[in-house]
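Right, one structure below, let's go through it.
The values are calculated or read from the model by the stated rules, or taken from the named source; none is laboratory data. Because the structure is predicted, anything quoted here is derived from the model rather than measured. Note: ideal-geometry Cβ built from the backbone for every residue, glycine included; neighbour counts use all protein chains shown. Remember, those area values only see protein heavy atoms, side chains included, never the ligands or the DNA or RNA. Shrake-Rupley method; radii C 1.70, N 1.55, O 1.52, S 1.80 Å.
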Amino acid sequence: MKALSSRERFTIAMNHQEPDRVPIDLGSIASTIRTVDAYDRLKEYLGLAVDKKIRHFADEHIIPDEEILKALHVDTMYLRVNVAKSWKRERLDAHTVVDEWGVPWIKAPGSFYTFPSAHPLKTARMEELEKFPWPDANESSRFEGLREKAQKLFRETDYALVAEGLTGVGVFDMSWHLRGMENIFMDMLLYPEFTEDLFRRLTDFYVGVYRNYLRAVGEYVQMVIYYEDLSGQDGPLFSPELYRRYVKPCHRRIFQTIRENTRAKLCVHTCGSAYAFLDDYVELGVEVINPVQTSAKDMDPRHLKERYGKVLSFHGAIDTQRFLPRATPAEIEAEVRRMIRILGRGGGYLFTSCHSIQPDVSAEKIVALFSSAEKHGKYPLD
């Protein structure tokens, strides 16, 4: 088969057909490369982009330089709402930043992640939801210049363009940022009217932002990301029944808005043991699942491919928690080959790590990861 453009390769694979090789991703979901240290070492190892300032978002999400994308055979490039302009952050001290929702985020010394240190609606009652200063989904600076940028990339490059998730969190995630994890679980059980009102207001925001975002870039992108972490490594954080009562109606509205404003594939990022929700996602029109955390309960890649391979594509699947830090380059190559032969047959696989590549993964291993995908991802698979 003749070599295809990255966009052609991506489109064919996500339509469950076999292109010339498995498409490769780095950075179209912010969590695929996260830390400055890991990225700096990769740049130095490759001798590329060494003079360029690292660009990143909260939690040090890296925007990979195009030189790196080319060196690692990457087929995707992402577009994101103008975070710096619209997601206003106020720095309180060296370790604390307050986001536009009023949630303070702290970064402990030595940590690569930030987390909420307080919850502005923790003690709120129903009447206080009306008074809360909800962010404006129509804030024009969020979308300024995005259409022109997307059009230029679409016309001048052959990358598959990805509309990357908005705030890195979805409706449920934002609910516990505002209320606290324990409180939102209690709300679902004891205060259904409050829970429904809170989730409705959050959904209104996400619907508005996705509508504006995709009206700007929807005709040029090939995939759209929505984030929603519903599970831990051992199973769901709450029951599928509670999901269907409170969260699924929110997803239905948001996903419908996405489909109304683009023909791009809808990808949901949901960490951990996401298996309990996959039938619901299929019903709602989700087409791609990320990160495929194969170390979590019920996330065996063979079973996932057998059961859902005709209706879902898989994005990720190379374990970053235990495997990548400990594996040799030769072991990485063998695992890449194995995973491609499980998830890549018949198309439906977008290759990358299942989550953030940490500083304990050497540059040599990162290069082995992506070069192995290019080497062993060629169709037909043996």
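Expected output is a single nm value to one decimal: the length gained when fully extending between Asp136 and Tyr45, i.e. 0.36 nm times separation in residues minus the C-alpha distance. What is it? The partial results should precede the final answer.
Working: separation 91, 0.36 × 91 = 32.76 nm, distance 4.30 nm.
Extra length available between Asp136 and Tyr45 comes to 28.5 nm.
Do you know the relative contact order of the chain, to the nearest whole percent, from alpha carbon pairs under 8 angstrom that are 6+ apart?
Values: 703 pairs, mean separation 84.4, N = 382.
Relative contact order comes out at 22 percent.
Based on the Cβ-Cβ distance from Asp279 to Asp37, what FRET efficiency comes out when R0 is 30 Å, to the nearest 0.05?
Working: r = 40 Å, r/R0 = 1.32.
It comes out at approximately 0.15.
Which value in nm describes the separation of the simple spin-label points at Arg341 and Asp234, placed 7 Å from the Cα toward the beta carbon?
About 3.4 nm, to one decimal.
What number results when the radius of gyration of segment 87-232, computed over Cα atoms, is divided by 2.2 N^0.38 Å?
Rg over 2.2 N^0.38 Å, computed on Cα atoms: 1.19.
Report D for segment 293-382 in µm² per second (integer): Stokes-Einstein, Kirkwood Rh on Cα pairs, 20 °C, 1.002 mPa s. If you can, show how the numbers build up before the last one.
Details: Rh = 13.3 Å.
In µm²/s, the coefficient is 162.
Whole-Hz ³J(HN,Hα) for each residue in segment 309-321, computed from phi via Karplus 6.51 cos²θ - 1.76 cosθ + 1.60 with θ = phi - 60°, x for glycine and proline: what do you get?
My calculation for segment 309-321 gives x, 8, 10, 10, 9, 10, 10, x, 5, 8, 5, 9, 7 Hz in order.
Would you mind checking segment 307-343 for residues with the amide N under 16 Å from a putative spin-label position 7 Å along Cα→C-beta of Asp300?
Residues passing the 16 Å test: 307-309, 339, 342-343.
Relative contact order for segment 142-256: what is it in percent, counting Cα pairs under 8 Å that are at least 6 residues apart? Please report the intermediate quantities before stating the final value.
Numbers: 100 pairs, mean separation 49.0, N = 115.
About 43 percent, as a whole number.
Which shape class, rounded, prolate or oblate, goes with segment 80-133 when its Cα gyration tensor gives a ≥ b ≥ c as root eigenvalues, a/c under 1.5 marks rounded, and past that a/b bigger than b/c marks prolate?
On the way: a/c = 2.65, a/b = 1.44, b/c = 1.84.
Taking the square roots of the gyration eigenvalues as a ≥ b ≥ c, segment 80-133 is oblate.
In nm, to one decimal, how far is the modelled label at Arg322 from the one at Thr123, with both set 7 Å along Cα→Cβ?
Spacing of the two 7 Å Cα→Cβ label points: 4.4 nm.
Which order do Lys107, Lys378, Lys248, Lys310 take when ranked by solvent-accessible area (1.4 Å probe, heavy atoms of all protein chains), largest first? Please report the intermediate quantities before stating the final value.
Details: Lys107 55, Lys378 95, Lys248 15, Lys310 190 Å².
Greatest to least solvent exposure: Lys310, Lys378, Lys107, Lys248.
Quick one: Cα convex hull volume of segment 175-298, Å³ per residue? Don't skip to the end; give the middle numbers.
Numbers: hull volume 12.2 nm³, N = 124.
Hull volume over Cα atoms, normalised by residue count, gives 99 Å³.
Which value, in debye to the nearest 20, gives the size of the charge dipole of the chain about its Cα centre, when Lys and Arg are +1 and Asp and Glu are -1 at the Cβ? Before the final figure, lay out each step's value.
Details: 52 positive and 56 negative charges, 155 e Å.
Its charge dipole is roughly 740 debye.
Find how much the distance from Ala108 to Arg200 grows on full extension, using 0.36 nm per residue of separation minus their present alpha carbon separation; answer in nm with one decimal. Please report the intermediate quantities before stating the final value.
Values: separation 92, 0.36 × 92 = 33.12 nm, distance 3.30 nm.
Gain in length upon complete extension: 29.8 nm.
What's the percent breakdown of Cα-Cα distances in segment 192-265 across 5 Å bins, shortest bin first?
Over segment 192-265, the share of Cα pairs per 5 Å bin runs 3, 15, 22, 20, 16, 13, 8, 2, 0 percent.
For Glu156 and Phe115, FRET efficiency with R0 = 41 Å and r from the beta-carbon atoms, rounded to 0.05? Mind showing how you got there, number by number?
Values: r = 39 Å, r/R0 = 0.95.
The computed FRET efficiency comes out at 0.55.
Taking the radius of gyration and the Kirkwood hydrodynamic radius from Cα positions alone, what is the Rg/Rh ratio for the chain, to two decimal places?
Working: Rg = 20.2 Å, Rh = 21.3 Å.
Using only Cα positions, Rg/Rh for the chain is 0.95.
Enter the accessible area per residue of the chain (Å², integer; probe 1.4 Å; all protein chains in place). Write down the numbers at each step before the final one.
Details: 16150 Å² over 382 residues.
Value for the chain: 42 Å² per residue.
With the contact rule set at Cα under 8 Å and sequence spacing of 6 or more, what percent relative contact order holds for segment 276-369?
On the way: 115 pairs, mean separation 31.1, N = 94.
About 33 percent, as a whole number.
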